[in-house]
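Encoded as structure tokens, the structure appears first; notes follow it.
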Amino acid sequence: ALAEGRYTLRLDVVDAKDKKILSDMTLTINDKPLKLKQDGRGVVAMVTAQFATRDVPASATWEFAFRFVRLVSPAQHGSTDARMLAIRLRTLQLVRQT
């Protein structure tokens, strides 16, 4: 569980397999949707969200869940890679605000 307080979540997205995947992405913590702010356009962006633990349903294990409207396989572009992909992250940071 997270210590009580306010947090900022930062996602450094270095590649989205499709522009719509990133713009329509949703993220929840313990099933509570987070309001996402996207700085950047297209397939590269810094995505941030802020939340307070008091506003999130308590749980022994806290879970972040990504949801995407679509996935893309590199095989659709001639690759032998059949994975279904959405985004590639450079970093995911969770920072407690002081």
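The values are calculated or read from the model by the stated rules, or taken from the named source; none is laboratory data. Just so you know, these numbers come straight off a predicted model, no measurement behind them. Note that we place each Cβ from the backbone using ideal geometry, even for glycine, and neighbour counts take in every protein chain shown. Ligands, DNA and RNA are excluded from the accessible area calculation, which covers all protein heavy atoms including side chains. Shrake-Rupley method; radii C 1.70, N 1.55, O 1.52, S 1.80 Å.
Some points to look at:
- Taking all protein chains into account, the per residue accessible area for the chain stands at 66 Å² (1.4 Å probe).
- Length available on full extension from THR8 to ARG54: 0.36 nm per residue minus the Cα-Cα distance, which gives 15.2 nm.
- For the pair GLU63 and LEU92 in one chain, pulling the backbone fully straight at 0.36 nm per residue adds 9.0 nm over the alpha carbon distance.
- The chain, accessible surface, carbon-and-sulfur percent (1.4 angstrom probe): 49 percent
- DSSP loop trypsin sites (Lys or Arg not before Pro) with at most 13 other Cβ within 10 Å excluded, longest remaining stretch of the chain: 1-34
- Cβ-defined net charge surrounding ARG10, 11 Å radius [Lys, Arg +1; Asp, Glu -1]: 0
- Residue-averaged [θ]222 nm for the chain, counting only DSSP H segments that reach four residues, each worth -39500 (n - 2.57): -1000 deg cm²/dmol
- The figure for GLU4 is an accessible area of roughly 140 square angstrom, using a 1.4 Å probe on the protein chains alone.
- Other residues whose C-beta falls under 12 angstrom from the C-beta of VAL72 contribute a net charge of +3, scoring Lys and Arg +1 and Asp and Glu -1.
- Counting Lys and Arg as +1 and Asp and Glu as -1 over every other residue whose Cβ lies under 14 Å from the Cβ of ARG96, the net charge comes to +2.
- Cα gyration tensor shape of the chain, rounded if a/c is under 1.5, else prolate or oblate by comparing a/b with b/c: prolate
- Reachable aspartates and glutamates from LYS32, criterion Cα separation under 20 angstrom, eight or more residues apart if same chain: GLU4, ASP24, ASP55, GLU63
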